[in-house]
Amino acid sequence: MKEDKKGRAREATLDPDDWAEMRALGHRMMDDMIDHLEHIRTKPVRPPAKKDVEDICVPLTEDGEGEELVYEVFKRSILPHTLLLPRPNFWGLVGGQGSPYGMMAEMLMAGTNGGQEFSFAEARVNAQVIEWIKQMIGFPKTAGGVLVGGGSEANFTGLAVARNAKAQVDVKAKGLQGLTKRMTLYCGDETHHCLERSVELLGLGNEAMRFIPTDEECRTRTEVLEKTIKQDRRNGCQPFCVIGCAGTVNTGAFDDLDALADIARRENLWFHVDGAFGAWLKISRTHKHLVKGMDRADSLAVDFHKWMNMPYAIGCTLVKDRKEHFSTFAYGHEAEYLKSAFEVSNDQLTNPHNLALPLSRAFTSLKAYMLLRAYGTKKYSDLVQKSLDQMKRLGDLIERDPELELAAPVASNIVCFRYRANKFSKRETELLNRMIIEALNKEAFLMISDTTVKGAYMLRAANVNHRTRMEDLEAMIASVKENGRRLLPEMRAQKTKKVASR
Ligand SMILES: Cc1ncc(COP(=O)(O)O)c(C=O)c1O
């Protein structure tokens with residue numbers, strides 16, 4: 001057993017033997033990470049080589065290797081080979097960037113190691129963040145909300161409340177076994193797959209999900225929606241929820257949320273909106289109209305780690321009916337060991353323990369609080385607007401370029417396009433564009449993604465990136481064209497060879 005400064009035997013603890021040494025290491029870590037972020041623009045994206053993997057994947061030792069040594073492994077073999085999501089030319093998936101101040105807020109969050117509970121400062125910070133978010137995205141003051149780990153969890157939480165609120169039996173007690181009618185729900189065929197997963201996890205079965213066809217602009221066709229609801233009622237089902245997309249992940253399309261809200265109201269259905277990134281159009285100057293009707297949702301899922309660029313993982317579910325929200329997650333039987341702590345809390349309806357799955361929680365609201373308060377609403381509006389302006393400009397550039405073509409008009413912050421190959425079949429064009437994306441991936445993995453829009457294979461750039469400059473997007477399309485030009489003759493030669501050999 002080690003001894004302390006006074007020669008007393010030290011019992012096991014995770015606190016350092018030498019606080020001064022730990023402080024110095026902490027300062028070094030902070031300096032190194034600030035350095036890393038300061039120079040992110042010039043960092044290469046390199047997956048780990050064999051020697052790095054060997055450095056990472058080692059047997060766990062009994063005595064530990066010490067903080068310094070493990071930090072050196074991080075610096076040497078892990079950090080330089082991370083996916084490097086924080087970079088100006090990341091437009092794959094819907095990837096947020098984080099920020100230096102966000103990173104530091106995360107450190108404070110871990111330092112307090114607290115939950116958001118029981119009338120202490122954490123509860124105030126959490127409640128304040130929920131208030132600010134409602135104001136920013138125009139949700140009524142009376143609504144409640146809870147911070148969760150991201151868009152998937154936020155959608156799951158909203159749908160759980162929808163299911164329990166609309167079920168004809170007490171789902172908490174009886175489960176879905178108690179139902180006499182199949183509960184059905186409705187969404188566009190461009191809806192994010194996490195909603196299907198939620199429906200499966202909620203025990204409703206994905207066959208309960210009616211994927212309504214979308215129009216040419218990838219918006220849910222409301223006349224088909226209405227017909228399908230009526231048909232289901234005639235067939236003995238219980239329609240219970242309409243899901244609206246405020247920003248589809250494929251093309252950034254927005255449903256007519258007002259029209260969906262009208263249908264939901266007329267049919268007495270729950271209206272849930274997935275606004276993972278798109279809800280933030282509310283704070284844009286030019287695209288607010290696309291989220292008209294979002295405030296009529298019964299529940300709304302929104303992410304902070306995407307367009308708000310807060311460090312992963314943070315999202316939020318807002319629910320208008322606080323009692324339904326509370327009763328979905330509050331413990332059916334009270335845990336004896338929590339009783340007195342819960343009694344201290346002023347308002348059980350705002351306590352996050354009662355509003356989502358986790359009991360123990362990180363002090364997640366702290367980073368949102370610090371970032372929102374430090375930068376204010378204008379900065380966030382400017383960032384959203386910047387991405388929208390950049391993507392409009394990118395769309396214009398592509399439209400004017402004879403070598404490229406757009407999949408559809410640019411609705412918001414996602415541009416789907418492809419390299420145009422005259423006299424190529426659909427399959428050949430797809431093959432060529434697949435080769436192009438492979439080449440771009442080698443340059444910087446996941447610089448852009450690919451997807452299928454109305455049956456056509458497309459390259460896809462989604463911009464929520466606060467580090468992107470217009471020149472970065474211009475460089476990306478230059479690279480697409482360069483690779484297209486390089487690969488096109490190769491493809492043509494293959495095509496001729498195939499015809500000749502027939
Ligand atoms: C529209 C939409 N909904 C939900 C999600 C899932 O969010 P998360 O990745 O934060 O779980 C995404 C992710 O890209 C999304 O774009």
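Just so you know, all these numbers are worked out from the coordinates, no wet-lab data involved. The model shown is predicted, which means the values in this text are computed figures rather than measured ones. Don't worry about glycine lacking a Cβ; one is built from the backbone with ideal geometry, like all the others, and counts go over all protein chains shown.
Okay, here's what the table says:
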read-out	value
Fewest-first sequence of Trp91, Trp19 by Cβ atoms within 10 Å of each Cβ	Trp19, Trp91
Spatially proximal lysines relative to Lys75 (Cα-Cα < 21 Å; intrachain offsets below 8 disregarded)	Lys43, Lys50, Lys51
Loop sites in segment 68-159: trypsin sites (Lys or Arg not before Pro), DSSP, at most 12 other Cβ within 10 Å	Lys141
Dipole of segment 377-501 [Lys/Arg +1, Asp/Glu -1 at C-beta], most positive-end residue of Leu431, Met391, His466	Leu431
Burial order of peptide ranges 63-69, 473-479 (average beta-carbon count within 10 Å, highest first)	473-479, 63-69
Separation in nanometres of the label points that stand 7 Å from Cα toward Cβ, at Trp132 and Leu359	3.1 nm
Full-extension gain in nm, Glu54 to Lys442, via 0.36 nm per residue minus C-alpha separation	137.4 nm
Two-decimal Rg to Rh for segment 358-484 - Kirkwood Rh, Cα set	1.09
Within the chain, helix-based [θ] at 222 nm, where runs of 4 or more DSSP H residues each add -39,500 (n - 2.57), nearest 500	-14000 deg cm²/dmol
Nearest-0.05 FRET efficiency for Glu62 and His27, computed from C-beta distance (R0 22 Å)	0.15
Between segment 409-487 and segment 41-106, the Cα center-to-center distance that results, in Å	27 Å
Global form of segment 123-173, assessed from the alpha-carbon gyration tensor, a/c cut-off 1.5	prolate
Per-residue Cβ neighbour rank within 10 angstrom, fewest leading, His272, His193	His193, His272
Qualifying GluC sites (Glu not before Pro) for segment 1-58 [loop in DSSP, other Cβ within 10 Å: at most 12]	Glu11
Cross-link pairs beyond the 18 Å C-alpha cut-off, checked among Lys306/Lys481; Lys423/Lys497; Lys426/Lys454	Lys306/Lys481
Over segment 24-97 - Rg/Rh using Cα atoms and the Kirkwood inverse-distance radius	1.02
Vicinal HN-Hα couplings computed from phi for segment 80-86 (Karplus, 6.51 cos²θ - 1.76 cosθ + 1.60; Hz; Gly/Pro x)	x, 10, 6, 4, 6, 4, x
Given charges at beta-carbon only (K, R positive; D, E negative), |dipole| of the chain in Debye	1940 debye
Total charge dipole magnitude, segment 24-97, about the Cα centre, Cβ charges on Lys, Arg, Asp, Glu only, Debye to nearest 20	660 debye
Estimated inter-spin distance, Thr180 and Met470, nm [label 7 Å along Cα→Cβ]	6.5 nm
Residue exposure sequence - Val302, Val73 - by fewest surrounding Cβ within 10 Å	Val73, Val302
Three-way shape label, the chain, alpha-carbon gyration tensor, a/c 1.5	oblate
Gain upon complete extension [Asp258, Glu403; 0.36 nm per residue less C-alpha separation]	48.4 nm
